[in-house]
Amino acid sequence: MVFKRLMQAMGVGGPSVETVLANPNCRPGGQLEGRIQVVGGDHPVEVTYVALGLVTRVEVESGDNEYDTTQEFGRRQVTGGFRLDPGQRYEVPFRFEVPWETPLTDLYGQHLHGMTMGLRTELEVARAVDKGDLDPVAVHPLPAQERLLEALLRLGFRFARADVERGHLYGVHQRLPFYQEIEFHPAPQYAHAINQLEVTFVTDPHQVQVVLELDKRGGLFTEGRDAFGRFAVEHATVDRTDWTAQLDAWLRQSLRRRGLFS
């Protein structure tokens, strides 16, 4: 009897949890729908709660060191407490709201290299937390984000990779403790002046704040530096602008001011 209680305390023979998504594809500000299936183990338990949260990989800079960690966000509890008898099945339908600032993972059906995203189910029984199930999720761009990325591709920029970095951008209202950088190889007409272009979207229900960072090439007697640009695009008016021409004009003007573009 003592051994059995010890095994139960360690979680052996406890309940299992599985999350089934109706559709793993979503957009920032959208929803993921599905159901959570909890099945009782070989002894009765009191479940404290079931919760959901998105999980992604985040790069952290600490002094001279850099490391990757797992970051949960958008977490919410989907049940309160309930009793689960041995072998009992308990099903919970859910509708999970995807935060507006959620990083993108896919573009035009292609996965963005460097990105990971999943929906994690957490089950707590007797103060012991079981991370339960982790389901891959694909986050596609909103129309405003898509128009801007499209414009860069039309200019000749080529996607390199994407990552998520912990921290806050200066001068940008940000809810999540991290931001995504989507990196592009330079278009041929800018290749002599910049090494790469980094794009960050910080989105809310009304607009997308866009931060552009140019990693500039250094010359024989000059040091390479970064140049920043920032502007906002409203979801409702994104189609009223020729973004290819707009971004081309901004890039040329930015580089001319620094004597890097004739």
- Query: In this structure, does residue 109 turn out to be in the same structural domain as residue 23 (by TED's automatic domain parsing), within 25 Å of residue 70 (Cβ to Cβ) and out of contact with any Phe, Trp or Tyr (no Cβ under 8 Å at 6 or more places or on another chain)?
  - Reply: no
- Task: For residues that are exposed (fewer than 15 other Cβ atoms within 10 Å of the Cβ), among the basic types (Lys, Arg) and over 14 Å from residue 89 (Cβ atoms), tally how many sit in region 24-38.
- Result: 0
- Task: Please give the number of the condition residue 198 fails out of (1) modelled with pLDDT of 90 or more; (2) loosely packed, with under 13 Cβ neighbours inside 10 Å.
- Result: (2)
- Note on the structure: Output for Cβ contacts, cut-off 7 Å, separation at least six or different chains, first residue closer than 16 Å to residue 205 by Cα in region 95-120, second at pLDDT 95 or above and exposed (fewer than 15 other Cβ atoms within 10 Å of the Cβ), reads 97/31; 98/31; 100/205; 101/175
- Task: State which residue is farthest from residue 60 (Cα to Cα) when the search covers only region 168-186 and only residues that are exposed (fewer than 14 other Cβ atoms within 10 Å of the Cβ) and in contact (Cβ under 8 Å) with a residue 40 or more places away in the chain.
- Result: 171
- Just one of (1) out of contact with any helix residue (DSSP H, G or I) (no Cβ under 6 Å at 6 or more places or on another chain); (2) closer than 22 Å to residue 24 by Cα; (3) among the hydrophobic types (A, V, I, L, M, F, W, C) trips up residue 144, so point out which. (1)
- Task: May I ask you to list pairs of residues, at least six apart or on different chains, whose Cβ atoms are under 9 Å apart, with the first in region 76-88 being under 16 Å from residue 16 (Cβ atoms) and the second being in a loop (DSSP other than H, G, I, E, B) and of a type in the set (Lys, Arg)?
- Result: none
- Quick one: residue 189 ticks every box in (1) buried (at least 18 other Cβ atoms within 10 Å of the Cβ); (2) more than 18 Å from residue 54 (Cα to Cα); (3) not hydroxyl-bearing (Ser, Thr, Tyr) bar one, so which box is it? (1)
- With region 39-153 as the region, which strands (runs of 3 or more DSSP E) entirely inside it contain at least 2 residues that are surrounded by 16 or more Cβ atoms within 10 Å (Cβ to Cβ)? 45-62, 65-79, 89-97, 117-125
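The values are calculated or read from the model by the stated rules, or taken from the named source; none is laboratory data. If you're wondering where the values come from, they're calculated on a predicted model, not measured in any experiment. A quick note on method: Cβ atoms are made from the backbone with ideal geometry, for glycine too, and the neighbour counts reach across all protein chains shown.
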